[in-house]
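Quick note: the coordinates plus some simple rules give every number you see, no bench work behind them. Computed from a prediction, not measured in an experiment: that's the story for all the values here. Cβ placement follows ideal geometry from the backbone for every residue including glycine, while neighbour counts extend to all protein chains displayed.
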Amino acid sequence: MSSSRIIRVNELLKREIAADIHHLFSNTQFDTGAITVTRVETAPDLRDAAVHISIFEHEEERVKMIRFLNKHRKAIQARMSKNVIIKYTPRLRFKLDTSIESGDRVLGILSELDIPEDGPGKAGNDE
């Protein structure tokens, strides 16, 4: 399968899985508002897909929330297969994605640095 097609499939699955999680679990104790599907990596044969999930706050409950999603993956797959028509419905595997938090941490550190306005890149030719 071409790489541009797999990219389109990944984006389609990402949007659909996010909507399915919200629809299936919004009336439960599961905090769907804290969940963001950051990316989906589908195998070239479309049989498996890793779904990367970012969880806002809930530091102590993240592993439990990922387990919950993996436990209910068949319900998510079934709903997804009704709305997304592809050759195979991939088996979903949910994984915790902490890249957004890492980026926030780096941005926080950068904002705390005392960088002078006329750094080396802004200096004129004073030689």
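Observations
- Rounded to the nearest 500, the 222 nm mean residue ellipticity of the chain from helices alone is -15000 deg cm²/dmol, with -39,500 (n - 2.57) taken per DSSP H run of at least 4 residues.
- Full extension of the chain segment joining ALA19 with ASP31 gains 2.9 nm, where the gain is 0.36 nm per residue of separation less the Cα-Cα distance.
- Listed by chain and number, the lysines whose C-alpha is less than 27 Å from the C-alpha of LYS64, apart from same-chain residues fewer than 8 away, are LYS14, LYS74, LYS95.
- Amide H contacts under 5 Å for ASP48: ALA43, ARG91, restricted to partners 5 or more places along the chain or on a different chain, H placed in the peptide plane at 1.01 Å from N.
- Protection proxy ranking, highest mean first, for peptides 39-45, 79-85: 39-45, 79-85, where packing is the per-residue count of other beta-carbon atoms within 10 Å, averaged.
- Fully extending the segment from VAL84 to ILE115, taken as 0.36 nm per residue of separation minus the present Cα-Cα distance, adds 6.2 nm.
- Cα convex hull of the chain - mean projected area over all directions, nm²: 12.0
- When you count the other C-beta atoms within 10 angstrom of each residue and take the mean per peptide, 65-74, 16-25 line up highest first as 16-25, 65-74.
- Here r is the Cβ-Cβ distance between LEU96 and ASP45 and R0 is 22 Å; the resulting FRET efficiency, rounded to 0.05, is 0.30.
- Using a cutoff of 8 angstrom between alpha carbon atoms and counting only pairs six or more residues apart, the relative contact order for region 3-100 works out to 32 percent.
- Computed 3J(HN,Hα) for region 84-89, one whole-Hz value per residue from the Karplus formula 6.51 cos²θ - 1.76 cosθ + 1.60 where θ = phi - 60°, is 10, 9, 9, 3, 10, 8, glycine and proline marked x.
- Inter-label distance, nm, simple model (7 Å from Cα along the C-beta direction), ARG62/SER4: 3.7
- In straight-distance terms, cross-link reach from LYS82 covers every one of the aspartates and glutamates whose alpha-carbon lies under 12 Å from its own, apart from those fewer than eight places away in the same chain; here that gives GLU16, ASP20.
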